[in-house]
Amino acid sequence: MGAKFDQHFLADPEAADAIVRALGFKAGTDVVEIGPGRGVLTERLVWEGAQVTVVEVDPKLASDLPRRLKTDAVKVLHADFLRQDLAALPAPCKVVSNLPYSAGAPITLRLMEWGAWDTAVLMFQKEVAERVVAEPGSRDYGPFSLAVQVHAWAEYLMTVTADRFRPPPKVDSGVVRLVRRAEPALPAGLGVPEFQKV
């Protein structure tokens with residue numbers, strides 16, 4: 001299954017705890033989790049009192065999660081986040097995800113277009129995470145860095161090595177926290193549609 005959807009499941013409790021803590025939410029907060037997999041983060045979100053909406057593309061995982069967690073605090077949507085109707089998700093919310101490597105960038109760009117979240121903690125392939133947080137003029141800075149940082153402040157939190165996943169990927173992962181800006185960081189008179197064209 002993991003190969004079909006490019007999913008590597010986090011199997012390190014300490015890393016999972018750190019990711020959930022980094023969201024900084026209170027009990028009762030709405031959290032959207034993209035690609036919960038086997039629920040290692042979902043379970044911790046529920047323990048901390050979050051109201052969780054998960055978007056899972058894999059039908060078996062989507063059906064297994066409610067049976068495994070046995071809680072009313074989790075709503076499962078069987079869908080591809082890139083095609084999901086975002087208006088059906090809770091707002092305002094926080095977002096968390098162990099992103100599939102192949103879809104990390106497009107999912108993140110879709111998040112940038114969606115104004116309902118204030119904090120997102122996302123795990124990418126390490127080199128992609130480094131691009132997200134790269135500063136202007138650095139080797140890793142590029143269009144993806146700019147597209148994210150126009151909408152959010154980005155902070156690199158930690159590296160999660162490949163041996164902490166099942167099955168282990170060929171590369172390490174990096175965890176990034178994004179805090180959404182109140183307004184896009186664009187020059188006066190330049191709208192988001194014009195910026196995206198450039």
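The values are calculated or read from the model by the stated rules, or taken from the named source; none is laboratory data. Nothing here was measured: the structure is a model prediction, and the numbers come from that model. Neighbour counts are summed over all protein chains in view; Cβ atoms, including those assigned to glycine, are modelled from backbone coordinates with ideal geometry. Heads up: the accessible areas ignore ligands, DNA and RNA and are worked out on the full protein's heavy atoms, side chains in. Shrake-Rupley method; radii C 1.70, N 1.55, O 1.52, S 1.80 Å.
Report yes if residue 36 is out of contact with any Lys or Arg (no Cβ under 9 Å at 6 or more places or on another chain), part of a loop (DSSP other than H, G, I, E, B), crowded, with 16+ Cβ neighbours inside 10 Å and at pLDDT 95 or above, otherwise no.
Considered against the rule, which asks whether it is out of contact with any Lys or Arg (no Cβ under 9 Å at 6 or more places or on another chain), part of a loop (DSSP other than H, G, I, E, B), crowded, with 16+ Cβ neighbours inside 10 Å and at pLDDT 95 or above, residue 36 comes out as yes.
Are any residues in the range 44-71 touching a strand residue (DSSP E or B) at 6+ places or on another chain (Cβ under 6 Å) and touching a residue at least 24 places away in the same chain (Cβ under 8 Å), and if so, which ones? 45, 50, 51, 53, 55, 65, listed by residue number.
In the range 128-145, which residues are outside any loop (DSSP other than H, G, I, E, B) and at pLDDT 95 or above?
If the condition is that a residue be outside any loop (DSSP other than H, G, I, E, B) and at pLDDT 95 or above, then 128, 129, 130, 131, 132, 133, 144, 145 are the ones that fit.
Any idea which residue in the range 146-156 is nearest to the chain's Cα centre (by Cα), counting only those that are part of a helix (DSSP H, G or I) and hydrophobic (A, V, I, L, M, F, W, C)? Taking the candidates together, the pick is 148.
Screening residue 112 against (1) out of contact with any His (no Cβ under 6 Å at 6 or more places or on another chain); (2) within 21 Å of residue 156 (Cα to Cα); (3) not basic (Lys, Arg) leaves a single unmet condition, (1).
Restricted to strands (runs of 3 or more DSSP E) entirely inside the range 70-127, no element has at least 3 residues that are touching a Pro at 6+ places or on another chain (Cβ under 6 Å) and not aliphatic (A, V, I, L, M).
Restricting 48, 14, 43 to residues that are over 19 Å from residue 166 (Cα atoms), among the acidic types (Asp, Glu) and open to solvent by 50 Å² or more (accessible area, probe 1.4 Å) narrows the list to 48.
Considering the conditions (1) among the polar types (S, T, N, Q); (2) farther than 18 Å from residue 41 by Cα; (3) touching a residue at least 60 places away in the same chain (Cβ under 8 Å), residue 97 is excluded by exactly one of them, (2).
Residue by residue, here is whether (1) open to solvent by 70 Å² or more (accessible area, probe 1.4 Å); (2) modelled with pLDDT of 90 or more; (3) in contact with a Phe, Trp or Tyr (Cβ under 9 Å, 6 or more places away or on another chain); (4) in a loop (DSSP other than H, G, I, E, B) holds:
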| position | (1), (2), (3), (4) |
| --- | --- |
| 158 | no, yes, no, no |
| 168 | yes, yes, no, yes |
| 178 | no, yes, yes, no |
| 185 | no, no, no, yes |
| 190 | no, no, no, yes |
| 196 | yes, no, no, no |
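Tell me, which residue of the range 17-33 that is outside any helix (DSSP H, G or I) and open to solvent by less than 20 Å² (accessible area, probe 1.4 Å) is farthest from residue 62 (Cα to Cα)? Result: 31. In the condition set (1) of a type outside the set (Lys, Arg); (2) at negative phi; (3) in contact with a Gly (Cβ under 7 Å, 6 or more places away or on another chain); (4) not in a strand (DSSP E or B), residue 49 is compliant with all but (2). Contact map, the range 72-88: residues that are free of Cβ contacts under 8 Å to residues at least 12 places away in the same chain paired with residues that are assigned to a strand (DSSP E or B), Cβ distance under 8 Å, separation 6+ or inter-chain. Pairs shown: 88/77.
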